[in-house]
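Enquirer: Just passing along the structure, written as structure tokens.
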Amino acid sequence: MSILDEFPAMGRQDLRDLKKGIDGSFREFSRGYGEAIENFFDPVLRALVWFEKLLLATPWPLIILIVAGLAYLGSRSWKLALGAAVSFILIGYFGMWEDTMSTVALISVATILCIVIGIPIGIMMSRSNRLQAMITPILDVMQTIPIFVYLLPVVMLLGIGKVPGLIAVLVYAMPPVVRLTNLGIRLVDAEILEAADAFGANPRQKLFDVQIPLALPNIFAGVNQTIMMALAMVVIASMIGVKGLGNPVLQSIQNQYLTLGLMNGMAIVALAIIFDRVSQQYGKRLQKHREGGHGV
Amino acid sequence: MSKTKVSIKNLYKIFGPQAERMVEKVKGGMSKTELLEKHGHVLGLKDVNLDIPQREMQVIMGLSGSGKSTLIRHVNRLIEPTAGEMIVDGEDVLGMSEEQLREFRRRKASMVFQKFALLPHRTIMDNVAYGLKIRNTPVEEARERCQRWIDRVGLGGFENHYPAQLSGGMQQRVGLARALATDAEILLMDEAFSALDPLIRTDMQNVLLDLQEELHKTVIFITHDLDEALRIGDNICILRDGEVVQKGSPQQIILKPADDYVSDFIKDINRARVLEVGSVMNGKIASKGPEVDRSMAVEEAMQAMSKADSKTAVVTENGKAVGAVTLDQMIAAIARPAAGNKGDKTYR
């Protein structure tokens, strides 16, 4: 009856050998291909560094002007533009300007990459049920696996630095835009699609004239979520050597610097709120034509 | 009758995973209910044969679930039939490649939908130009053409509005203009006016009749509304449970309903307004009385006779006398036929 008392686990020795074997071969792999993979990510790294330098080299009043201008263009709201400008001035006043620029650079590049990679994947998923069945569990894993579990192999492969940080952010932040692109396209009114068919639209015309425009509200919600999740990863990314607002937060955890943590934390929150409100307002504005009202 | 434009031959549509195999069973006489209960397949259309003449309005009528919307989608192959033929202008639609089919849909047959199916993110102008954009018509030319159609359906001034800003009736005008803008010879109208309220519906019927007088398209019009069918149809085809119950002109259907189902359908219509003098008259060229054209409604003819205080009238065609009609004949014709004598039947 002992089989019921104790789980018939693999022998200790075997288990250790298995782990060792996998660890060993991964180490081999990272030794053999680490450099190639690093080279592959080199353009991304250069873009990130370039953008960060650009932000830091630009005079601060100009940055504040640009931030306020973008906020206004996105939301058409003076209040929001003013709020964004005031937040950035406060951030600068409390000595967090450089870290904030690094973080903005990281988030921007991460978001652009998520959109460029995520939307096409979402579109492909929406066209094939089989692909959807295959990708959905991958997205689930990406969102739920403890971050450190995939951080470790990434660090083993690429060392610490900006690129592994960026990859960590991408893994965590990409799923929403993929999911919502897929969902949005699947939710497009079947009647309108039928009309497109009836007028002889080919698949490409259907995609660009009907499916993507009608899915845009959902795609946009996905982008918004992606930005928020990328910001949430800032502190974790700093653990593997990414500069930015996460770094002081990390320091403050290690040394119990209450105020330092609070200030940098608030800066992250301010960025999040600005990004969120502006992108949401912009998304809403895209939908203006859906509002009724005759002869408006 | 003029040349046949669309010819539907032995068309079957069965919904289900093994539709092909079920065709034989249906041909062997299996009913819709039996097919569903025993094999889990739904019979959509059963042996539909219909020749649709060029430049006329063919109405296909039936209650919901009778297969009329399924049938119209076979004409431009939005739905693939399980068996049968669909010939348009002597060309086999079912044999077309995807590219040929797209070309067919772009140039030959355009469609108007029950729920309008407009693009909500495009202006009225861009919606009307949709069919032209798809086939890469130069923008300037498309604009010019579409402007004409927008004006023609009475929406001038709304070019830059969005569909959500228009009422249902106006939106369907956009749908109609979009379909007309491609200059397709065949116009498929799937319950195009059913979602509109009665006054607007009559209005739209007038718009369509007006346009037809000038354009002479081959129109296939789906409706569940008999009044609408009688009003606009040159020919009517009545479907029930996917089968053709009767085809013919409105006059034929009213005077000689094929079965109880059709009789039931027509029992509440205003016969005096729909029946034409020509359907009631006798061949004797005779007598005195006012002249009435053979296409005049019985209702109007009776008024004319009453005004002239005459019990007979001379029926004319293009001004020439072709027959006579008496008041008694007309009264007999507009009397409701005896109610179904085979007991109360209900139809789904």
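Enquirer: Taking only region B:69-103 into account, find how many residues are within 13 Å of chain A (Cβ to nearest Cβ), in contact with a Leu (Cβ under 7 Å, 6 or more places away or on another chain) and not β-branched (Val, Ile, Thr).
Expert: Summing the residues that are within 13 Å of chain A (Cβ to nearest Cβ), in contact with a Leu (Cβ under 7 Å, 6 or more places away or on another chain) and not β-branched (Val, Ile, Thr) in region B:69-103 gives 3.
Enquirer: Still on this structure: Run down A:Gly122, A:Gly69 and say which single residue is open to solvent by less than 60 Å² (accessible area, probe 1.4 Å) and either under 21 Å from A:Ile219 (Cβ atoms) or in contact with a Pro (Cβ under 8 Å, 6 or more places away or on another chain) (or both).
Expert: Numbers: A:Gly69 fails: either under 21 Å from A:Ile219 (Cβ atoms) or in contact with a Pro (Cβ under 8 Å, 6 or more places away or on another chain) (or both).
Going through A:Gly122, A:Gly69 in turn, the sole match is A:Gly122.
Enquirer: Tell me the strands (runs of 3 or more DSSP E) entirely within region B:1-70 that contain at least 3 residues that are touching a residue at least 12 places away in the same chain (Cβ under 8 Å) and within 13 Å of B:Gly84 (Cα to Cα).
Expert: Details: elements: B:4-15, B:42-53, B:57-61.
Ranges flagged: B:4-15, B:42-53.
Enquirer: Sticking with this one: Spot the failing condition for B:Ile222; the list is (1) open to solvent by 60 Å² or more (accessible area, probe 1.4 Å); (2) farther than 22 Å from B:Val315 by Cα, and only one is missed.
Expert: Every listed condition holds for B:Ile222 apart from (1).
Yes/no per residue for (1) open to solvent by 50 Å² or more (accessible area, probe 1.4 Å); (2) modelled with pLDDT under 90:
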| position | (1), (2) |
| --- | --- |
| B:Ile236 | no, no |
| B:Gly248 | no, no |
| B:Ala272 | no, yes |
| B:Val292 | no, yes |
| B:Ala308 | yes, yes |
| B:Lys311 | yes, yes |
| B:Thr346 | yes, yes |
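Enquirer: Okay, moving on. For A:Ala168, only one of the following conditions fails: (1) free of Cβ contacts under 8 Å to residues at least 24 places away in the same chain; (2) touching a Leu at 6+ places or on another chain (Cβ under 6 Å); (3) of a type outside the set (D, E, K, R). What is its number?
Expert: (1)
Enquirer: Let me ask something else about it. Would you mind listing the strands (runs of 3 or more DSSP E) fully within region B:200-267 where at least 1 residues are on the phi > 0 side of the Ramachandran plot? Show your work before the answer.
Expert: Numbers: elements: B:218-223, B:235-240, B:243-248.
The strands (runs of 3 or more DSSP E) meeting that bar are B:243-248.
Enquirer: Restrict the check to region B:51-70 and report whether at least one residue is on the phi < 0 side of the Ramachandran plot, in contact with a strand residue (DSSP E or B) (Cβ under 6 Å, 6 or more places away or on another chain) and surrounded by fewer than 16 Cβ atoms within 10 Å (Cβ to Cβ).
Expert: Within region B:51-70, none of the residues are on the phi < 0 side of the Ramachandran plot, in contact with a strand residue (DSSP E or B) (Cβ under 6 Å, 6 or more places away or on another chain) and surrounded by fewer than 16 Cβ atoms within 10 Å (Cβ to Cβ).
Enquirer: Let me ask something additional. Being assigned to a helix (DSSP H, G or I) and within 14 Å of chain B (Cβ to nearest Cβ) is the requirement here; does A:Ala215 meet it? Steps first, please.
Expert: Details: assigned to a helix (DSSP H, G or I): yes; within 14 Å of chain B (Cβ to nearest Cβ): yes.
For A:Ala215, the condition - assigned to a helix (DSSP H, G or I) and within 14 Å of chain B (Cβ to nearest Cβ) - is met.
Enquirer: Quick check on my filter: what residues within region B:146-158 are within 13 Å of chain A (Cβ to nearest Cβ) and touching a helix residue (DSSP H, G or I) at 6+ places or on another chain (Cβ under 8 Å)? It would help to see each step written out before you state the result.
Expert: Step one: list which residues in region B:146-158 are within 13 Å of chain A (Cβ to nearest Cβ), which gives B:155, B:157-158.
Those that are within 13 Å of chain A (Cβ to nearest Cβ) and touching a helix residue (DSSP H, G or I) at 6+ places or on another chain (Cβ under 8 Å): B:Leu155, B:Phe158.
Enquirer: Ok, one more. Give the residue that is farthest from B:Ala184 (Cα to Cα), with candidates limited to residues of region B:99-125 that are part of a helix (DSSP H, G or I) and open to solvent by 60 Å² or more (accessible area, probe 1.4 Å). Write out each step before concluding.
Expert: The initial filter retains those residues of region B:99-125 that are part of a helix (DSSP H, G or I), namely B:99-107, B:124-125.
Right, trim to open to solvent by 60 Å² or more (accessible area, probe 1.4 Å) and you get B:99-100, B:103, B:107.
Details: B:Glu99: 17, B:Gln100: 15, B:Glu103: 11, B:Arg107: 5 Å.
Ranking the qualifying residues of region B:99-125, first place goes to B:Glu99.
Enquirer: Of everything in region A:1-33, what is part of a helix (DSSP H, G or I), modelled with pLDDT under 90 and among the acidic types (Asp, Glu)? Give them in sequence order.
Expert: A:Asp5
Enquirer: A further question follows. May I ask you to verify whether B:Ile285 is assigned to a loop (DSSP other than H, G, I, E, B), farther than 30 Å from B:Ser66 by Cα and β-branched (Val, Ile, Thr)? Working first, answer last.
Expert: Working: assigned to a loop (DSSP other than H, G, I, E, B): yes; farther than 30 Å from B:Ser66 by Cα: yes; β-branched (Val, Ile, Thr): yes.
In short, yes.
Enquirer: Report whether or not A:Gln143 is within 25 Å of A:Val242 (Cβ to Cβ) and open to solvent by 30 Å² or more (accessible area, probe 1.4 Å).
Expert: Numbers: within 25 Å of A:Val242 (Cβ to Cβ): yes; open to solvent by 30 Å² or more (accessible area, probe 1.4 Å): yes.
For A:Gln143, the condition - within 25 Å of A:Val242 (Cβ to Cβ) and open to solvent by 30 Å² or more (accessible area, probe 1.4 Å) - is met.
Yes/no per residue for (1) within 30 Å of A:Leu82 (Cα to Cα); (2) touching a helix residue (DSSP H, G or I) at 6+ places or on another chain (Cβ under 8 Å); (3) touching a residue at least 60 places away in the same chain (Cβ under 8 Å):
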residue	(1), (2), (3)
A:Asp23	no, no, no
A:Ser30	no, yes, yes
A:Ile37	no, yes, yes
A:Pro43	no, no, no
A:Arg46	no, no, no
A:Lys53	yes, no, no
A:Leu56	yes, yes, no
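Enquirer: In the set A:Val210, A:Val223, which member is of a type in the set (A, V, I, L, M), within 14 Å of chain B (Cβ to nearest Cβ) and either buried (at least 18 other Cβ atoms within 10 Å of the Cβ) or in a helix (DSSP H, G or I) (or both)?
Expert: Values: A:Val223 fails: within 14 Å of chain B (Cβ to nearest Cβ).
Result: A:Val210 is the single residue among A:Val210, A:Val223 that is of a type in the set (A, V, I, L, M), within 14 Å of chain B (Cβ to nearest Cβ) and either buried (at least 18 other Cβ atoms within 10 Å of the Cβ) or in a helix (DSSP H, G or I) (or both).
Enquirer: Could you list, in sequence order, all residues of region B:159-183 that are surrounded by fewer than 23 Cβ atoms within 10 Å (Cβ to Cβ), within 19 Å of B:Leu209 (Cβ to Cβ) and facing chain A (nearest Cβ under 10 Å)?
Expert: B:Met170
The values are calculated or read from the model by the stated rules, or taken from the named source; none is laboratory data. Being a predicted model, the structure only gives us computed values, none of them experimental. Cβ: placed from backbone, ideal geometry, glycine included. Neighbour counts: every protein chain shown. Surface areas here come from the heavy atoms of the whole protein model, side chains and all, with no ligands, DNA or RNA. Shrake-Rupley method; radii C 1.70, N 1.55, O 1.52, S 1.80 Å.
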